[in-house]
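The values are calculated or read from the model by the stated rules, or taken from the named source; none is laboratory data. Everything numeric in this text was worked out from a predicted model, so none of it was measured. Cβ: placed from backbone, ideal geometry, glycine included. Neighbour counts: every protein chain shown. Accessible surface areas use protein heavy atoms only, side chains included; no ligands, DNA or RNA. Shrake-Rupley method; radii C 1.70, N 1.55, O 1.52, S 1.80 Å.
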Protein chains: 2
Amino acid sequence: MTSAPQPVPEPDQRLSLVFSALADPTRRDIVARLTAGDATVNELAEPYDVSVQAVSKHIRVLEDAGLVSRTRDAQRRPCHLEAGVFDLMTKWIERYRRAAEDRYRRLDAVLEQMDAQDAPPVPTPRTTKEADAS
Amino acid sequence: MTSAPQPVPEPDQRLSLVFSALADPTRRDIVARLTAGDATVNELAEPYDVSVQAVSKHIRVLEDAGLVSRTRDAQRRPCHLEAGVFDLMTKWIERYRRAAEDRYRRLDAVLEQMDAQDAPPVPTPRTTKEADAS
DNA sequence: AGCTCATTCAACCGATCGGTTGACCACGCG
DNA sequence: CGCGTGGTCAACCGATCGGTTGAATGAGCT
């Protein structure tokens, strides 16, 4: 019963889980240390001055976010970093980063144009609506 | 200059703020919409069925994380997306993504070697099992 | 069978979060 | 001048979070 089917949430909710998981410094540190290789809960818990249970909870959060997977090795539960999730984040970030930079460049051009001429009919790169995520 | 100098937190804390800010779907959506151009609080609040105050709070969180900046235009406070913060995230992510992938590849090689030692006849079928969850 | 180590479950606690409502401030305009 | 508009501040509320302690489960070792 410990292993439910794990429904794999849809990407938006997944993003929430991932970002939320990485919002905690301890959890980020755990991820960082896991890049050096798999580790057990006790090994991971050792450097921090919190209880093992607390670290176990952290790992659960990382697991729910899909950042970490675990196997069984006797009574140990080694944690393994899942590199795949990073792509999800990178995709999200890159999309908007690029859009933002493009816009910035465009605005820059507009400003230059406005500067070159004097008072063009364009009021401001006003925007309001538009932009749909998903 | 409505408030204190805004000390600009050190990068680790900053990362926490950024990830935490993006952990909320509404806030992510606001960011997404801001890539289409600056917008006021009321404009941003319009699509959601929450109060304007709630959206104002969301924007404050994004601002504290350095994801958006604001200027004054009469009584309006247009929000502007700050593209720079994305770099911070991308750097963090890329670092560990690459490390994780390298490690994966290395492990793969080790496994192959172990396999070869045991069963040398087959000259490496070369079916690098890639990550299925992506 | 016991014992011990590794991990998790369960209950609890204070702090923070996302949301509300109501009052308040800062403009610009008639 | 008063008033409406855009936005924020303040207090409050339920839910969740990160942490604790204490007890339970699971798997090896004599």
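Mean partner shielding of peptide A:31-41, defined as the number of other chain Cβ atoms within 10 Å of each residue Cβ, is 3. Taking the label point 7 Å along Cα→Cβ, B:ARG76 and its counterparts in the other copies are spaced 6.1 nm apart, in ascending order. For the residues of B:73-86, the average number of beta carbons from a partner chain within 10 Å of their own beta carbon is 3. Sum up the charges of everything whose Cβ sits under 12 Å from the Cβ of A:VAL31, counting Lys and Arg as +1 and Asp and Glu as -1, but leave A:VAL31 out. Around A:VAL31, the charge tally is +1.
Less than 5 angstrom separates the built amide H of A:VAL68 from those of A:GLU63, A:GLU82, all sequence-distant by 5 or more or on a different chain. Note on A:GLU10 and A:ASN42: the model spin-label points, each 7 Å out from Cα along the C-beta direction, lie 4.4 nm apart.
Expressed in units of 2.2 N^0.38 Å, where N is the residue count, the Cα radius of gyration of segment B:11-82 is 1.04. For B:ASP24, inter-copy separations between label points set 7 Å beyond Cα along the Cβ vector come to 2.0 nm, shortest first. Chains A and B together bury some 3400 Å² of accessible area, summed over both sides, with a 1.4 Å probe. For the peptide B:88-97, the mean number of other protein chain Cβ atoms found within 10 angstrom of a residue's Cβ is 5. For the listed peptides B:28-35, A:75-82, a ranking on the average number of other beta carbons within 10 Å per residue, highest first, reads B:28-35, A:75-82.
Using a 7 Å projection from Cα along Cα-to-Cβ, the label point at A:ASP64 is separated from the same position in the remaining copies by 2.2 nm, smallest value first. Interface residues of segment A:46-71, defined as those with an accessible-area decrease of at least 20 Å² between the chain by itself and the complete set of protein chains (probe 1.4 Å), are absent.
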